[in-house]
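What follows is a short report on a single structure.
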Amino acid sequence: MTRVERKKLAAMTRILEAAEELFLREDGYNKTTIREIADLADVSIGSVYMHFVSKADIMAGLLEQIIVDYISDFSSHTSEEKSGIEQIEDYINRFFRLAAHSKFLAYLRNIERLCPSEISSASVESLKEKGKKFHCFIQDAIVKGQTDGSMKKLGSPDLVAYIILNTIRSFVRDCTGNSLNEPLRDFPQYPGEMAMELLKKMLISSLAIKYEREEM
């Protein structure tokens, strides 16, 4: 890497770190301006636009960083010794732990605000490609489970993986409020953490050939 490339990378890193600090304030994404990001990162506004086409593009960059971190986490915990259903349960647990992080929940609220037209085509494609990796993790575990006899053959692994991921994503987005430790909005007597645990049991029991049901 040349000196110029190192300087550009350092500037981009400062921009992302500054944006994250500002975005994670209450309603920070809406209130934050490009000038504030540039000032906190100690770069010019022109430097910000050299790396990102818009504020939404910066948010997309932050989301990509989280995805990369969790792809690494999923990869490092994929074990050939586990059955397919054990891998699925492990992946679901990891999704739920991710959903319990305040930073992730803050980003989740901001995802809905992103307009694809305000994000560079390169960022959109990169996010799509990295997002597909989670689908592949789940799909591969389903194929393994259907092969080793630990999972039912309910349908194509591709479709089953799609349903699992979207069920979890929708549940976290629509039902957990600001924290899994808080009660569900529509059912305040049930904490989100309890509901997520029940959702996991329902998903696993619907997929597994054998599943010992614990007392709720």
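Coordinate-derived values only; no laboratory data. Keep in mind the model is a prediction, meaning the values are calculated, not measured. Here the Cβ positions follow ideal geometry from the backbone for every residue, glycine too, while neighbour counts run over all protein chains shown.
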Listed residue pairs exceeding 21 Å between alpha carbons, taken from Lys132/Lys152; Lys133/Lys210; Lys144/Lys200: Lys132/Lys152; Lys133/Lys210
For the stretch 129-146, Karplus couplings with θ = phi - 60° (6.51, -1.76, 1.60), whole Hz, Gly/Pro x: 5, 6, x, 5, 5, 5, 4, 5, 4, 5, 4, 5, 5, 5, 4, 4, x, 6
Net charge, Tyr49 excluded, C-beta distance under 15 Å - Lys, Arg +1, Asp, Glu -1: 0
Derived scalar couplings ³J(HN,Hα) [the stretch 160-168; Karplus, 6.51 cos²θ - 1.76 cosθ + 1.60; whole Hz; x for Gly, Pro]: 4, 4, 4, 5, 4, 5, 6, 5, 5
